[in-house]
1. For A:Leu294, B:Leu105, what's the fewest-to-most ordering of other Cβ within 10 Å of each Cβ?
2. For B:Phe103 and B:Leu19 in the same chain, what is the full-extension length gain: residue separation times 0.36 nm, less their Cα-Cα distance, in nm?
3. If I model a spin label as a point 7 Å beyond the Cα along the Cα-Cβ vector, how far apart are those points for B:Leu6 and A:Phe126 in nm?
4. What is the mean number of Cβ atoms from other protein chains located within 10 Å of the Cβ atom of each residue in peptide A:235-245, rounded to a whole number?
5. Scale the Cα Rg of the protein assembly as shown by the rule-of-thumb value 2.2 N^0.38 Å and send over the ratio, two decimals.
6. What's the longest bit of chain A with no exposed GluC sites (Glu not before Pro), using DSSP loop states and at most 13 other Cβ atoms within 10 Å as the test?
7. Under DSSP H, which helices of chain A have Cα atoms covering 20 Å or more of the helix axis and a Kyte-Doolittle average no less than 0.5?
8. Run lengths n ≥ 4 of DSSP H only: what is the helix-derived mean residue ellipticity at 222 nm for chain B, with -39500 (n - 2.57) per run over all residues, to the nearest 500?
Amino acid sequence: MSTISRILQSDLFYRFSRDKVAMGSALVVMLFVVVAALSPVLAPQNPYDLTQLDILDSELPPRWQDGGDERFLLGTDHQGRDMLSTIMYGTGISLMIGVFAVLLQAFIGISIGLVSGYIGGRVDAFFMRLADIQLSISTLMLAIVALAVFQAAFGSELYQDLSIIMLIMVIGIAEWPQYARTVRASVLAERSKEYVDAARVIGLPKRHIMFRHVLPNTLSPVLVISTVQIAEAIITEASLSFLGLGMPVTQPSLGSLIRSGFEFIFSGTWWITILPSLVLIVLIFSLNLLGDWLRDALNPRLYKKT
Amino acid sequence: MKAPDLAAFLFRRLLQAALVMFVISLVGFSIQDNLGDPLRELVGQSVSEAERDALRDQMGLNDPFLIQYGRFITRAVQGDLGTSYFFKKPALEVILDKFPATFELVLVATCIIIGFSVPLGVYTAIHRDSLITKIIMGFSIIGISVPVFLTAIFAIYIFSVLLGWMPSFGRGDTYALPWGWESGLLTLDGLEHIVLPSIALSSIMLPLFIRLIRAEMMEVLQTEYVKYARAKGLRTRRVRYVHALKNTLIPVVSLGGVKIGTLIAYTILTETVFQWPGMGFLFLEAVNRVDTPLIIAYIIIVGLIFVISNTLVDLIYTWINPTIKFVGGDR
């Protein structure tokens, strides 16, 4: 049986196809991903290319308002950039940072969770205590302080070139406890099962048992939290960029776009702030709905209840 | 609760608090060492290399790491966190001047969170499928999905820009209390200014707490002792609001402790949007100006507030939760 038909016949897909909210939010997320990925082709303008910008076009309202311009469906910002194009590119940056940060979180968190749960004892106690402390300090606070220090240390010009990497690193490292705790919990449950004993009895090395046997069985809860983690990472990135600690205005994510528009919100140019804000909210909302559904669908305890 | 157990618990908790403060102080110290050159801040460019070296020695900048760190800690404990480059005043004084603004904002937001989340959470748990419950839960999903700074921006845009009902920035008039505390809660103008920022600050926490209280309450209402209390003939109202509610609130306190750090981060966002003259707003200004002593002072003061409030919450938690063991209480 091919992989595709296996997916189509799975229990999960059946329940997915019966749930309108899940289908709708998945569709919206897919739409965002496709549009963002194809933005160099689809966007009417390349907002990074300064030669395409004309300062005379700046701060034009959306087409449906008085004074709107045929060429700019959603208006322009104060540099004359087409809002639609800038939002498309910005969504791409936000999604990219979110996904890569979550990949990094998953990598660090799964490693620590696996080691912590499998070895146990003092190692476990140390990592879980660390996770408690880090969770209570909160990712956003850690990220704000770390990026503030980096920015002050590198100077804002060098920082602008590094900001994508810095954001991915900081959000990726700061959020490891979520994955570590999840993986540890399932490792603890798996460790006492017979197949692990069997593997140990036939003399397989610890590392082999950990990565080849236990790890694959802990991945379903990892999948469950990943969707919500991406939403969280996008929120964190947007918040940091809004504070001026994230992406620069020349290469804006949704957060820095909102920041650049917010300076002018009192002068009536609402579209520079409100439009990217709405895009951000719809994106996060769909991801959260999808994550909620996935959690309910893959959680066997809830499955029995309903 | 036996006294020796409590003492052991306190000791462990204080040890952890000290550890966190130690890490924070290391961060602060390494920033001080690496951001900018303190000598240049002091004498400018016009001094020769030999004189610079002599001055470096004199200021102790060539001393080993531990000695320099020791000096930093000694001064920090005495309340000397350096002088702000921008304000030309002691950094600690500058930060503490802004403390009342942030504290009052957090206070009002906390009142909103507690005041609304408990009744709404209990209501939605008891009337599971009513229309009002669905509306509340719907709003709570939206509330969680909208980042704090966007709630703040939309609040400003709708209520200040479009409708013109509310002031959009600052604290408004303040009233000076005798011990030097500038309060915005005692003037009408100040109260008007705090409405939008405090709502924005509580916009994610409130739905989070409503959902937690609802889930806990629904679980507690299923337990044996609640059923027993009903079977014994206690009034429904008493069972719900005294017996069930009490046990619902234990995890709520625990979540409150976990969320203190997040709340502090949210004050930075809220204060930035509303240009609220508090510590978070000051911190971002300091970052943009590379005002190192002020950055360090903020990190240390916030770290201290965080550690103290977290310890307090933990103490309250152990005090109200009868099932907790003090010694060796590791799960």
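1. Values: A:Leu294 21, B:Leu105 26.
So the residues, fewest neighbours to most, are A:Leu294, B:Leu105.
2. Numbers: separation 84, 0.36 × 84 = 30.24 nm, distance 2.52 nm.
Length gained, B:Phe103 through B:Leu19: 27.7 nm.
3. Placing both labels 7 Å beyond Cα along the Cβ direction yields 3.4 nm.
4. Values: counts 8, 2, 0, 3, 9, 1, 1, 9, 10, 4, 4.
Averaged over the peptide's residues, the number is 5.
5. Working: Rg = 26.8 Å, N = 637, 2.2 N^0.38 = 25.6 Å.
Against the empirical 2.2 N^0.38 Å value, I get 1.05 for the protein assembly as shown.
6. On the way: sites that count: A:Glu70, A:Glu263.
The longest uninterrupted stretch comes out as A:71-262.
7. Values: long enough: A:20-37 (25 Å, 2.31); A:83-119 (53 Å, 1.75); A:121-137 (24 Å, 0.66); A:139-154 (22 Å, 2.29); A:156-174 (24 Å, 1.57); A:176-191 (22 Å, -0.51); A:219-242 (34 Å, 1.40); A:271-298 (40 Å, 1.57).
Result, helices passing both filters: A:20-37, A:83-119, A:121-137, A:139-154, A:156-174, A:219-242, A:271-298.
8. Working: 14 runs with 229 residues, N = 331.
Helix contribution divided over all residues of chain B: -23000 deg cm²/dmol.
We did not get these values from a lab; they are worked out from the coordinates using the rules stated. On a predicted model such as this, the values are computed, not experimentally measured, just so you know. Cβ sites come from the backbone with ideal geometry, for glycine too, and all protein chains shown count toward neighbours.
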